[in-house]
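Scroll down for the structure; my scribbles are underneath it.
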Amino acid sequence: MKYSPEEVIAFARETDVKFIRLAFCDVFGRQKNIAIMTDELPRAFQYGIAMDASAIDGFGGEVRSDLFLHPDASTLVQLPWRPQQGKVVRMFCDITHPDGTPFYGDTRQILKRAVAQAKGAGYSFDFGSEMEFYLFKLDEQGNPTKVPYDFAGYMDIAPEDKGENVRREICLMMEQMGIQPESSHHESGPGQNEIDFRYADPLTAADNAATFYAVVKAIAARNGLHADFSPKPLPDKDGNGMHINLSVHGPDGRQPLEEVIAGLLEKIREMTLFLNPCEDSYRRLGRDKAPSYITWSKENRSQLIRIPASPEGRLRAEIRSADPMANPYLAFALVIHAALYGIENRLTPPAAADFNAFAASAQQLAQYRKLPSSIQEAKTIARESSFLQSHIPEKILEAYLK
């Protein structure tokens, strides 16, 4: 349900809400928040709530560090794992300077602008994410270990799959928060899990991804476990991916999926730093179902972009290189801009790579470009990219290049 500010204030006062978490993400996608009491809500909606941004990564240090959080009433959800007496709710926020101008580091606003640009060109997008994570045991002091919660395999069931009840609890919590999970299962790695949720408009999908991280970590901790979203938690086991599914709709119902794929293939090397932002990201790519070559195909999980089979006739593309360390707001914004690039220039993708890229010969693969093989290569490409300079604020780009 989408609320107005007046409805949020009434809801909070009538249903024993005591704390409101004003949530936002730093430039790397890590969720932060400030908690206020219910009586502060009218001021929050009218003026915003001041915060000190000097210690937040990518937010510019001590100079001009006073920023304001403006809650988005439409994102109100109750946090079901918090007490039912003295409820806790959360809203995502826009970030501004004291004079009301948008803050460059507000990546949610960057995605909003990308959506607006697409709408101005007559196109709308839907996104859905497939999120993978490991569950590890804690030591006697409550610190995370690298000991997996179980040693089950792909789509195994209980009792080998010990994560079944944890995934069930996560799915039920997400459903209570208005986010609809589609499926969940044990992944290939020991203690590795995947939960997929239903597609939505880009901003809602990015909010859902940010919410998902928080819910998974909270439920894991409640079960005496640690949830690890890093791209390569165990060096000799499968990495964690964040597969990005997207569909596009244009004037007269047009679905220019091939042009979208062509745009993504052309810009993917420049985008990789933002889809795979840490050193371990590049230990995942090229192995265990994670792509390294810039290719596409239908129903083929060895390629970078896959067109899944769809009995509903809804065309979509799946980008398989991104990992959960990506900021979903920046990732989705860049995907939209690359897709629009392909549409506006009427690009045509190369021939589909209808073979198993993981079993192909070096001679067969020699004709294809590769994704960056290291964080250093990804930074070099990003530093020289006019595409990124057009769509990513300079200071955010600098933060990723450091």
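The values are calculated or read from the model by the stated rules, or taken from the named source; none is laboratory data. Keep in mind that this is a model prediction, so the values were computed, not measured. Because the Cβ atoms are built from the backbone with ideal geometry, glycine has one as well, and the counts that use them run over all protein chains shown. In case anyone asks, the SASA skips ligands and DNA or RNA and just uses the protein heavy atoms, side chains included. Shrake-Rupley method; radii C 1.70, N 1.55, O 1.52, S 1.80 Å.
Structure values in brief
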read-out: Condition broken by Pro80, with the remaining ones in (1) at pLDDT below 95; (2) closer than 16 Å to Asp26 by Cα satisfied; value: (2)
read-out: Evaluation of Phe355 against (1) among the aromatic types (Phe, Trp, Tyr); (2) surrounded by fewer than 18 Cβ atoms within 10 Å (Cβ to Cβ); (3) over 23 Å from Ser302 (Cβ atoms) (one fails), failing number; value: (3)
read-out: Flag for Glu299 being under 21 Å from Leu397 (Cα atoms) and open to solvent by 10 Å² or more (accessible area, probe 1.4 Å); value: no
read-out: Any hit, region 147-169, residues being over 30 Å from Thr15 (Cα atoms), in contact (Cβ under 8 Å) with a residue 24 or more places away in the chain and either assigned to a helix (DSSP H, G or I) or under 19 Å from the mean Cα position of the chain (by Cα) (or both); value: no
read-out: Qualifying residue in region 113-130 (condition: buried (at least 20 other Cβ atoms within 10 Å of the Cβ), in a strand (DSSP E or B), in contact with a Phe, Trp or Tyr (Cβ under 9 Å, 6 or more places away or on another chain) and modelled with pLDDT under 95); value: yes
read-out: Lone unmet requirement of (1) at pLDDT below 95; (2) touching a strand residue (DSSP E or B) at 6+ places or on another chain (Cβ under 9 Å) for Gly239; value: (1)
read-out: Unmet criterion (only one of (1) under 30 Å from Pro324 (Cα atoms); (2) outside any loop (DSSP other than H, G, I, E, B); (3) out of contact with any strand residue (DSSP E or B) (no Cβ under 7 Å at 6 or more places or on another chain)) for Ala10; value: (1)
read-out: Options Ala35, Ala55; residue that is small (Gly, Ala, Ser) and open to solvent by 70 Å² or more (accessible area, probe 1.4 Å); value: Ala55
read-out: Matching option when the condition is in contact with a strand residue (DSSP E or B) (Cβ under 8 Å, 6 or more places away or on another chain), open to solvent by less than 10 Å² (accessible area, probe 1.4 Å) and more than 19 Å from Ala118 (Cβ to Cβ), among Pro349, Pro328, Pro308, Pro324; value: Pro324
read-out: Top-ranked residue of region 369-392 - restricted to ones that are buried (at least 18 other Cβ atoms within 10 Å of the Cβ) and either free of Cβ contacts under 8 Å to residues at least 40 places away in the same chain or not in a helix (DSSP H, G or I) (or both), ranked as nearest to the chain's Cα centre (by Cα); value: Ile392
read-out: Those residues of region 58-79 which are buried (at least 16 other Cβ atoms within 10 Å of the Cβ) and of a type in the set (Ser, Thr, Tyr), in sequence order; value: Ser74, Thr75
read-out: Among the residues listed as Gln109, Gln141, Gln180, Gln117, the single one being farther than 16 Å from Asn240 by Cα and in contact with a Lys or Arg (Cβ under 8 Å, 6 or more places away or on another chain); value: Gln180
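Each row is one residue, and each column tells you yes or no for (1) of a type in the set (Phe, Trp, Tyr); (2) assigned to a loop (DSSP other than H, G, I, E, B); (3) open to solvent by less than 40 Å² (accessible area, probe 1.4 Å).
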{"residue": "Ile179", "(1), (2), (3)": "no, yes, yes"}
{"residue": "Tyr213", "(1), (2), (3)": "yes, no, yes"}
{"residue": "Lys232", "(1), (2), (3)": "no, yes, yes"}
{"residue": "His243", "(1), (2), (3)": "no, no, yes"}
{"residue": "Ser247", "(1), (2), (3)": "no, no, yes"}
{"residue": "Asp252", "(1), (2), (3)": "no, no, no"}
